[in-house]
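The values are calculated or read from the model by the stated rules, or taken from the named source; none is laboratory data. Please read all numbers here as calculations on a predicted model, not as lab measurements. Note that we place each Cβ from the backbone using ideal geometry, even for glycine, and neighbour counts take in every protein chain shown. Surface areas here come from the heavy atoms of the whole protein model, side chains and all, with no ligands, DNA or RNA. Shrake-Rupley method; radii C 1.70, N 1.55, O 1.52, S 1.80 Å.
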Amino acid sequence: MSFVSGLSAIHDFRQISTRKFESSVQNSSLNRLKYCARQPRRCALSCVAMTDNNDPGLIELDAMERMEKTITSIRGNVNTVRTGRANPAILDRIEVSYYGSMTPLNTIANASTPDSQTIVIKPFDISVIAEIEKAIMSSDLGLTPSNDGSSIRLSIPPLTAERRKEFVKLVSKLGEEGKVALRNVRRDAIKSVGKLEGIPEDELRSLEDGIDKLTSNFVKQVDELVSQKEKEITKV
């Protein structure tokens with residue numbers, strides 16, 4: 001690999017990382033705007049709280065942002081569970097040794113599905129193709145990659161009835177783990193509410209109710225994600 005092509009690969013990686021960071025910042029700002037539109041009173045209280053460390057509004061906002069990140073993580077994990085059809089998302093957990101660092105596959109290669117049973121992986125840097133092949137072989141995907149020197153092909157075999165049952169159980173487990181994570185966020189938020197001082201009792205009760213409703217809404221989203229994935233897995 002030439003020095004110039006190496007610099008180009010590093011530049012591409014930095015651009016991807018920068019876009020992800022900017023997207024994260026934009027999402028956080030959007031969450032604050034949505035929260036203030038929905039809870040103007042608490043948002044006003046939180047603006048005052050930022051100067052006296054008594055922040056009722058920011059507690060619920062922080063919980064909402066953490067729960068949204070949890071949902072994003074759950075969705076990513078669920079999408080990596082294989083169905084009987086080709087889906088590049090199953091590669092999202094694959095990490096490849098790249099310049100001495102473990103790097104997500106989807107940041108150093110492009111994956112496409114030319115048909116419903118095939119995934120084609122084309123690395124941006126051709127010199128890493130052997131490492132990509134090795135990473136797939138050592139993963140839990142249960143797939144054998146075919147390397148033609150410039151790209152890697154994965155043939156997605158139909159799922160057996162036994163494998164479908166196993167994957168349904170796995171998705172259910174991922175969903176339960178996600179619910180536990182959401183309830184942990186709720187617990188932290190309620191604990192923070194209990195530490196507030198000088199806030200009217202009715203406002204505290206309202207804040208706790210809001211956190212409970214928030215938790216219920218996100219738990220419902222987890223159930224919907226799990227249900228949809230189970231339908232995809234069991235569909236013949």
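When ASP140 is tested against the conditions (1) in contact (Cβ under 8 Å) with a residue 40 or more places away in the chain; (2) among the charged types (D, E, K, R); (3) loosely packed, with under 14 Cβ neighbours inside 10 Å, the lone failure is (1). Applying the condition of being among the hydrophobic types (A, V, I, L, M, F, W, C) and within 22 Å of the chain's Cα centre (by Cα) to the stretch 101-121 and asking which residue is most open to solvent (accessible area, probe 1.4 Å) yields MET102. Once the stretch 59-96 is narrowed to residues that are in a helix (DSSP H, G or I) and among the polar types (S, T, N, Q), the residue that is surrounded by the fewest Cβ atoms within 10 Å (Cβ to Cβ) is THR72. The combined condition, being of a type in the set (Phe, Trp, Tyr) and open to solvent by less than 60 Å² (accessible area, probe 1.4 Å), is not fulfilled by PHE124.
Exactly one residue among GLU224, GLU208, GLU203 is among the acidic types (Asp, Glu) and either modelled with pLDDT of 95 or more or closer than 30 Å to PRO158 by Cβ (or both), and that residue is GLU224.
Of all residues in the stretch 143-194, which are of a type in the set (Gly, Ala, Ser), part of a helix (DSSP H, G or I) and surrounded by 12 or more Cβ atoms within 10 Å (Cβ to Cβ)? Once the filter is applied, which keeps residues that are of a type in the set (Gly, Ala, Ser), part of a helix (DSSP H, G or I) and surrounded by 12 or more Cβ atoms within 10 Å (Cβ to Cβ), the stretch 143-194 yields SER172, GLY175, GLY178, ALA181, ALA189, SER192. Residues that are more than 18 Å from GLY100 (Cα to Cα) and either of a type in the set (A, V, I, L, M, F, W, C) or assigned to a helix (DSSP H, G or I) (or both) were ranked within the stretch 124-142; the one that is nearest to the chain's Cα centre (by Cα) is LEU141.
Whenever a residue of the stretch 148-177 is within 28 Å of SER73 (Cβ to Cβ) and of a type in the set (A, V, I, L, M), its partners that are open to solvent by 60 Å² or more (accessible area, probe 1.4 Å) and assigned to a loop (DSSP other than H, G, I, E, B), lying with C-beta atoms within less than 7 angstrom and at least six residues away or across chains, give the pairs ILE156/ARG85; ILE156/GLN117.
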